[in-house]
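Handing you this structure, nothing more for now.
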C-alpha cells in the first residue's frame, strides 16, 4: 500500500478527509477541482508561451509579405517621344581654331617605304625648326595668335620626398651610437646636484642617508621628462631628487643613425649628511 501512488484528491479520499465536516467550506471545493484547475492552468500557460514565442516570426512574415507586394507592384511609365527635327534648322559647322602665333612646318614621323615611292621633297632641316614648331602640316603663324603648347601641360616629374618624421621611440642608453650627456660632462652634473639639493629636514632629523635611484627620459630637445623613483630612500629625499631633476638644465640628446632620439636614463642620487 505504501509503495503505491496515492492521489489525495480522489473522491474517496476527499470523502474520508471531510467526513462529518462542513463541505460547503471552500477547502472541499478547491481540493475536488484541483486537478481540473491545474490542467487548465498548464494549457493556458502553454498557449500564451507559444504565442509569445511565435509572435515575432508571425509579425515578420506579415511584414515581409506586405513588403513583397509593394515591391512587385508595377508602375507604368509613359515616356514622351522626342521632338521632331526641323529640316530648316542649319547644322552648325565645326569652328576652326585661330592660327597660332608660331609658324609650323610639316614634320611627319619617319616611315620606312620602298625606294620607288620616295618623293624628292627634302624634310625640313634643324635650322628651319629654330623659328617654327613641327606639326602635321605647314601653317603660317599670326602675330596676334595664341601660343600653342605642343605637349600637354603638367607639373613635370614629381620626386617622392620622404617626410622627416620624429622618432618617438624611447631607446635604452646602452644601445646607442652616442649617449645623452650633461653639458660639460657628468662631473658638471654632479656638481649641479651638490649645489641644488636641499637636504630635507625630516631626513636630517632621522639621520637618513643613502642613494635614491631614479630614471628619466632625455627628450629630443634635452628636456628631462617621465621622472620616476626606482628605489626610494624616504624622509623627503625622493621628492627632492625629482625636484632637482625637473629643474636641471637641458641635456645633450642621444644620437642613433645620425638623428636625435629619446633615451631612457637611470642614475643614482646620493644624500649624505656632512660630518
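Quick note: the coordinates plus some simple rules give every number you see, no bench work behind them. Nothing here was measured: the structure is a model prediction, and the numbers come from that model. Cβ sites come from the backbone with ideal geometry, for glycine too, and all protein chains shown count toward neighbours.
For residue 232 and residue 54, compute 0.36 nm times the residue count separating them, minus their Cα-Cα distance, and round to one decimal in nm.
57.3 nm
While we're on this one: Suppose the chain between residue 41 and residue 264 were pulled fully straight at 0.36 nm per residue; how much longer would it get relative to their current alpha carbon spacing? All intermediate terms of the calculation are to be shown ahead of the outcome.
Values: separation 223, 0.36 × 223 = 80.28 nm, distance 7.57 nm.
Working it through step by step, the gained length comes to 72.7 nm.
To continue, here is another question. If I model a spin label at residue 61 and residue 202 as a point 7 Å from the Cα along the Cα→Cβ vector, what separation in nanometres do I get?
7.7
Each label point is 7 Å from the Cα along the Cα-to-Cβ direction; what then is the distance between the points at residue 140 and residue 239, in nm?
Modelled inter-label distance: 9.9 nm.
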